[in-house]
Amino acid sequence: MRRLPWLILMTDPARGGDPLAAAAALPRGCVVILRHDSVPGRADLAKRLARLCRARGLRLSIARDARLALRLGTGLHLADGMEPPVLWRLHRRGLLTVAAHGPAALARARRMNADLALLSPLFPTASHPGARALGTVRFARFSRAARLPVAALGGITALRVTAAARAGAAAIAAVGALAARPCQSGAFGLRPPPPVLQPCHGVP
């Protein structure tokens, strides 16, 4: 049974912040998803993050780069609409997480045996200004029908964690609230998670 986190940091170069500093503020067992796709020296940053995550009891996933993920022995995060390459399916070692924006993407995630789908945006978010938020009612409906664990992403703040969990979120993923202001992670993870969230969730 694979163990899943309750808190996920998604790095984002456009939103600012040092991913190493943000990761260092996370509690054990959390996941860092390295996006930083177009940043020079991404492979070196990934190696440094991998060392830090091992030292701190965190897990690292690489977004959209199965070769780098396999080389470092990390998880892989796929964008909505992507499929895991054959290389990953043959040599998979870490978590497989998938971005989703609706029921069709959640169904694809289920078919590819993803460990966790990151459904967004739950709330209005600075990452996609003007995008229609799902809201807790639709999020709850989609996550119930997904037949795999679903994490909430989009507009997540410490004050919204309980609302997300009550809507069916198995985990919480955040960009700006954790990546740009690592001191904020204390509001999420440097104390026990809300009672409605368990520290880990198991999936077959």
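Only the coordinates and a few stated rules stand behind these numbers; no lab work does. This one's a predicted model, so the numbers in the text were calculated from it and none came from an experiment. As a convention, Cβ positions derive from the backbone with ideal geometry for all residues, glycine included, and neighbour counts pool all protein chains shown.
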Report task. Find how much the distance from Arg51 to Asp18 grows on full extension, using 0.36 nm per residue of separation minus their present alpha carbon separation; answer in nm with one decimal. Result -> 10.3 nm
Query raised in the report: Between Ile33 and residues 5 or more places away or on another chain, which pairs have amide H atoms under 5 Å apart, with H built 1.01 Å from N, and which residues are they?
Result: Leu9, Met10, Thr11, Ser61
Query raised in the report: How do the peptides 84-95, 136-147, 23-34 rank, highest first, by the average count of neighbouring beta carbon atoms within 10 Å per residue?
Result: 23-34, 136-147, 84-95
